[in-house]
1. Once you put a point 7 Å from the Cα of residue B:207 and another 7 Å from the Cα of residue A:204, both along the Cβ direction, what distance in nm separates them?
2. Return one number: the angle in degrees, 0 to 90 and rounded to the nearest 10, between the long axis of the Cα atoms of helix A:157-184 and the longest principal axis of the Cα atoms of chain A.
3. Shielding of C:220-227 by partners, i.e. mean partner chain Cβ atoms within 10 Å per residue?
4. Is chain C best put as rounded, prolate or oblate by its Cα gyration tensor, with a ≥ b ≥ c the root eigenvalues, rounded for a/c under 1.5, and otherwise prolate when a/b is larger than b/c, oblate when not?
5. Go ahead and run the numbers for FRET between residue A:158 and residue C:485, Cβ-Cβ distance against an R0 of 45 Å, rounding to 0.05.
6. Between the alpha-carbon centers of segment C:275-318 and segment C:439-504, tell me the distance in whole angstrom.
7. By counting other Cβ atoms within 10 Å of each Cβ, how are A:75, C:542, C:129 ranked from fewest to most?
8. Across the residues of C:260-271, average count of Cβ atoms on other protein chains within 10 Å?
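Every read-out reported here was derived from the displayed coordinates using simple, explicitly stated rules and does not represent laboratory data. Just so we're clear, the structure is a prediction, and the values are computed from it rather than from any experiment. Because the Cβ atoms are built from the backbone with ideal geometry, glycine has one as well, and the counts that use them run over all protein chains shown.
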């Protein structure tokens, strides 16, 4: 079974084209959907970055008299069940959502790269034991695993990041290991090894730069998954508490008001949907460019 | 696989024990005393000694493993006071039914839409399908489920809101649960189909004047199926995970909702049993997928 | 490309999908059936539950959307509320009036013979659903069963021995003086069951009680409990032919289920939905108070909260009626003391603190807390007046209430940081003393008597005295009252206690917990019972179309 996993992975490795940077950028510019997604992402990121300056209200200011309002001149997107301004909360929420997701993706990427490198590069017992651990972590369906961990840790931003990182890193490690295995066999690595270069040097100079593109594709697509996971866990009552301005938490807190004041679920729901769409377009696009012959889908 | 299951058990067991709050105390609050009320020391001690909760963790764990292997008994629920195996037997069919039907929908709808979309590449219907599925994979599952209830139960009166037992009860949860997988399968099928349709022998068959449906069903489909099978294996994980949420919304008496409830009640043996069952199902489907894969693709052999 | 054929293919595939779907769906109930048989369910394997007609049928059948999932039906082991109050299968020895004073139930009268001895006279015309007569023997059986299996009830009953005097007389000896004994016997877990509820091996099979409805089936798989009319009920005519109880744990789903006609009667839809649902033709929503309060515990061990003036100021800063209206949507009401004003023993002279920011300012200033650095938060000796506020989400009203209260307290210059967490984490923090404020919803009449709550909450070292409050005068009053058998005199002492804690505010009682009863208009004869623990189904309920 492990062999089949490995086989499937080996096929996925694609080496970088020469003149990597400029070529890549050129391809991106040829694709309208990616340009569009990139622009949308920049807008989202900008809004998140400047949220404190552009949001019209204090996102936590409660005004019970003006609760559950629809969009109006004063509140462009309306207010939530405690009369907090929805636009302001969505803007600040972009910060929370995006930073939690970035945190999780970065930590998983780092952990996964390190573990995958070690396993693939050194082989033998190291590989054996790391692969075993990866297998164990991958044998849980993601949400179930996160659920169990959050059940143990309790709600909160830090705990959520920790739990999701624990769940996600193994995917990266497995992919990195596959990458390293195929890169290791290539000419330039072999010559570096015979040239007497140190392990760390080879990993840093040759392996990681050549493998990272594939992992970045995974990371891009994963970004959307993390945001969806946060929403799911918040819905189950063990992600983030309802008072934290985060899209998933807002969406699940607003579900009670879906009939009477639908805007407080519609807007955060749309925000989540759009950001996930953006990342999946970017991820697909990057994969198409880096690997025109891919069979698709596996990363999902 | 046995080793993996063992490790999964150990991981769950120790995870559930790092928690703040004593197990015995929470069990009491969820069964006898009431959520907010304080629990007396004697009551805690009584529960602790009944379930040997005062022993060191590793002893508890090895006792559990020993029981499980020797007698096949994986514990008794603190909350329901029934054997975990009994509870699993009660709840598993519902989850298997839901996940199974969703899987069938995902495969049939996903593959057929994928083929259709590939055949109509870059036409309006292709674009529409692609955009729809892009939304399908990007919307939070519980949101979709609630929207489906609003539309199909309350507006159109086509299905009951929640419940379990009859066919019409299955309709909405299966639709909600399968949406994400339908979209994923469809996307993979489309790409893979396009690739296959571009191959030499298909063009040759077309030139020979074979009708399109024959080309698709006889030649293209089989070759395009490999990546689709892979993605189906991966989708099983998202189906089992998604089932937790869907079961909660539709009051579906499956293993997912049992797991969520048991986690908050610290019903450790049940949490353990549910995780074990879910992981086993997941690994089993992966195993099947791998078998199918090796069967279809002669290039891959074990060893 | 040839396109002519493709629609045909799609159509074929879709048809195939439908066919497979249909067959897979149909085959599953059969699987379930065999499953049931194999696993050897003790309870009547009820496929019937699954094929029951949905709500809104023409017959005199009520479909009830219960608020908790129905997992088990063991009346002495935690399911008493369900079996006794909601399914009306069993009944208790002691009943309660609307003002929470006790009235005869299966027992017609009771008397305290000496400090530790009680005598109960039983009704002599009661038969169990299995046809046997209810006598002192069965009552003794039930009580001993509950005491051995249910530690909570045992700790409240404090029973030493039970003696059958004659067929309809029972003598109960307690280990210590226990004036709340009759009150405890109103608790649904003590409802009387026939020994035939158990098999020869002593395993629980099904609840056999004396109530207006008889157990018919419980399907563990679909979690549907069905009860039918008891034609021989001692209390007279029973309204419904049949009642089907389905557990729906999600409030939103309950709301949608009654709107869709899946159920005829349900409770506690989301509070915000009550007005909208009430406006729907054919459905009505009734809001009641239940014996439960939202209260804010203050950690008296933390320096600023030690000062009664700070606590009073906080109580003045909170706008209770605003919270009741905007957070609870009037499912609940502003509260004064720990007891509902309708309770016979409540101190009726107490009125809820109404928001008064000037008064709060006065009190805080007198205690030395003023905002010297102009950051909006008061301070004293360089330390800001800031608290954390813990709460949990198992009760939907709590987190938004915490947020609203935090905003109101901030207005008075008190900084609040709310933290919503799991019950286990809260227990942990409370044990470590790492908390300032704790918002929770407590039951105030598990037992219809004030002693239980006042002892637990306000006595030094009381089991639920989270704030760590200690007032010798309160202790003395409660201890004195415990020995008084004359109810009027007894309640007088308790009223004094209430007045003292109203003044000192070791806990801020924010609001009374509400209950929203949602029912179809054709459900007639329902009377709300405020002494029920969630809600009670009464025998007069029937369907009239």
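1. 5.6
2. 30
3. On the way: counts 7, 8, 8, 6, 4, 0, 0, 0.
Other-chain Cβ atoms within 10 Å of each residue's Cβ, averaged: 4.
4. Details: a/c = 2.18, a/b = 1.21, b/c = 1.81.
Oblate, since a/c reaches 1.5 and b/c is not below a/b.
5. Numbers: r = 57 Å, r/R0 = 1.26.
After rounding, the FRET efficiency stands at 0.20.
6. Using only Cα atoms to place each centre, the spacing works out to 19 Å.
7. Values: A:75 22, C:542 17, C:129 25.
Fewest-to-most Cβ neighbours within 10 Å comes out as C:542, A:75, C:129.
8. On the way: counts 8, 4, 7, 4, 0, 0, 0, 0, 0, 1, 7, 1.
The shielding value for this peptide is 3.
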